[in-house]
Amino acid sequence: GRTSLHYALARLRGSEILLWAQRVLELAGADDPARAFALGATAIGRGYRGEAALAERELERALSGLDGSGLPHLTGLGWVKLAQDRFDAAMWDFARAAESAWNVGSYDMAAMSYFYVTFGAGEHRSWDDARLHADRSLAIVASLGHLSSRPFSWWAAALVPAARGDHAATDALLASLEAQPILYEDQIAGAAMARAHIATWRGQPEAVLA
């Protein structure tokens, strides 16, 4: 069940995410960490179906009284707030999730959370902070090459030099991104959005649409 849930998340399929998350919840014991993962995934699945506000309420209830076991809830909470255009609130959740994920060895979740926090810093033009968070995300995937967050970490790393007009550094990072194995829809989307984002900074509308 959990493997199928991972695949559904990677393929961005909201209905399948909800189906497999429910299956995991049915099979997992009360103290099984898989329950927290399935609840976080449920929030993402609801977000894809336009039910982000409902997902947020469910996660807030689930988070009440939890400690480190609530890590997937935090990332899910950040995601559903993004879906509601509550950017700063989402960044706060991702910042908390990034540190917690790193501390407990959940490296894929840490890399993805640092990716989001990089964008939060960039939106506020805090470029030194953005570079720090991007370096953290990239360091994780560089040392653990199997992580599914690879395209997003390279995207985060390219953000700061692109914003500062350092074309050589940006091109080198994009080339590294293109060299990464891209297997699933979430990675395809991440790589495509990275290229579009960089083209936006460069004032290349045709490349954005491509």
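Observations on the model:
- Positive-pole candidate from 98, 44, 18, dipole of the chain, charges at beta carbon: 18
- Restricting the trypsin sites (Lys or Arg not before Pro) of the stretch 98-146 to loop positions (DSSP other than H, G, I, E, B) with no more than 16 neighbouring Cβ atoms within 10 Å leaves 125.
- Only Cα pairs under 8 Å and 6+ residues apart enter the sum, and on that basis the relative contact order of the chain stands at 13 percent.
- Sorting the segments 111-122, 173-184, 47-58 by their mean number of nearby beta carbons within 10 angstrom, highest to lowest, gives 111-122, 47-58, 173-184.
- Modelled FRET efficiency - R0 41 Å, residue 86 with residue 172, Cβ distances, 0.05 increments: 0.75
- Here the accessible area is traced with a 1.4 Å probe on the protein chains. For the stretch 74-210, carbon and sulfur cover 56 percent of it.
- For the stretch 63-177: rounded, prolate or oblate by the Cα gyration tensor [a/c cutoff 1.5]: oblate
- Subtracting the Cα-Cα distance of residue 60 and residue 206 from 0.36 nm times their residue separation leaves 48.4 nm of extension gain.
- Cα gyration tensor, the chain - rounded (a/c under 1.5), prolate or oblate: prolate
- Note on residue 188 and residue 144: with the Förster distance fixed at 25 Å, the Cβ-Cβ geometry gives a FRET efficiency of about 0.75.
- Estimated purely from DSSP H runs of n ≥ 4, each contributing -39500 (n - 2.57), the mean residue ellipticity at 222 nm for the chain is -25000 deg cm²/dmol once divided by its residues.
The values are calculated or read from the model by the stated rules, or taken from the named source; none is laboratory data. Please read all numbers here as calculations on a predicted model, not as lab measurements. Cβ sites come from the backbone with ideal geometry, for glycine too, and all protein chains shown count toward neighbours. For accessibility, only protein heavy atoms count, side chains too; no ligands or nucleic acids. Shrake-Rupley method; radii C 1.70, N 1.55, O 1.52, S 1.80 Å.
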